[in-house]
């Protein structure tokens, strides 16, 4: 049974509210370093702590977007294509924090589900009402791009899969760049997507200024690449 556009608007707004309430229900301060067979203390692939403040604007903007979508754009056909994948992403996000407290493996699986569905929503979001719909989804999807890859670095190093922390951090940055460049080449040109990825990469630079410096350099180069790739999509 296909849901109507208005029903999707109601469900998406409700999911955004549940997602935003998550931090008030579950106090999650990051993965427990001892949740892995190889403890992940100060992992180089993870951004500095201040970077996670981006969740504040993400929560508020998504709440505003889905709320306006319900009150003023419930029957707007231009908003319809992005609603189902955004609903999926936010619904997964609403349960992510309690799962992350218990299992880094399942948290990694879920955050990749959040990312894929958020990217689909971004792809389907119209340029109309860009700052009401496309921009908040872009900020959300951009941060998820970085966070999903960080989870891979933590899992790989934490379960001692072939490489150590430094190499897994480099792998995570490379994967994040590949996803970002591909997304930008698909002409998803809202600046918020690139800004969120750059924010994460610069926070990785900050995290690694005291070493390993190779990861700081790689993340810095990655931030420049993302900025240039975004600028190219704006002028071509």
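What follows draws every value from the coordinates through simple rules; no lab data is involved. Fair warning: this is a prediction, and the values are worked out from it, not measured in the lab. Glycine gets a Cβ as well: all are built from the backbone with ideal geometry, and neighbour counts include every protein chain shown.
Taking every DSSP helix (H) stretch of at least 4 residues in the chain, weighting each as -39,500 (n - 2.57) and dividing the sum by the residue count yields a mean residue ellipticity at 222 nm of -25000 deg cm²/dmol.
Let a ≥ b ≥ c be the square roots of the eigenvalues of the Cα gyration tensor of segment 1-57; is it rounded (a/c under 1.5), or, if not, prolate (a/b larger than b/c) or oblate? It is prolate, given that a/c is not under 1.5 and a/b is the larger ratio. Just checking the listed ones, 176, 219, 210: in the Gaussian network model of the chain with Cα springs under 10 Å, the one fluctuating most is 210.
Using C-alpha pairs under 8 Å with a sequence gap of at least 6, the mean separation divided by the residue count of the chain gives a relative contact order of 24 percent. Counting alpha carbon pairs within less than 8 Å and at least 6 residues apart, what relative contact order, in whole percent, applies to segment 8-112? Computed over segment 8-112, the figure is 51 percent.
Between residue 34 and residue 14, the modelled labels are 4.0 nm apart [label points 7 Å from Cα along Cα→Cβ]. Fewest neighbouring Cβ atoms within 10 Å first, the residues 82, 42, 103 line up as 42, 103, 82. Stretched out straight at 0.36 nm per residue, the stretch from residue 78 to residue 210 would grow longer than its current Cα-Cα span by 42.7 nm. By the beta-carbon count within 10 Å of each Cβ, the least crowded to most crowded order of 214, 4, 65, fewest first, is 4, 214, 65. The slack in the chain from residue 228 to residue 102, taken as 0.36 nm per residue of separation less the alpha-carbon distance, amounts to 41.5 nm. In plain terms, the residue of 201, 70 with the fewest other Cβ atoms within 10 Å comes first and the most crowded comes last, giving 70, 201.
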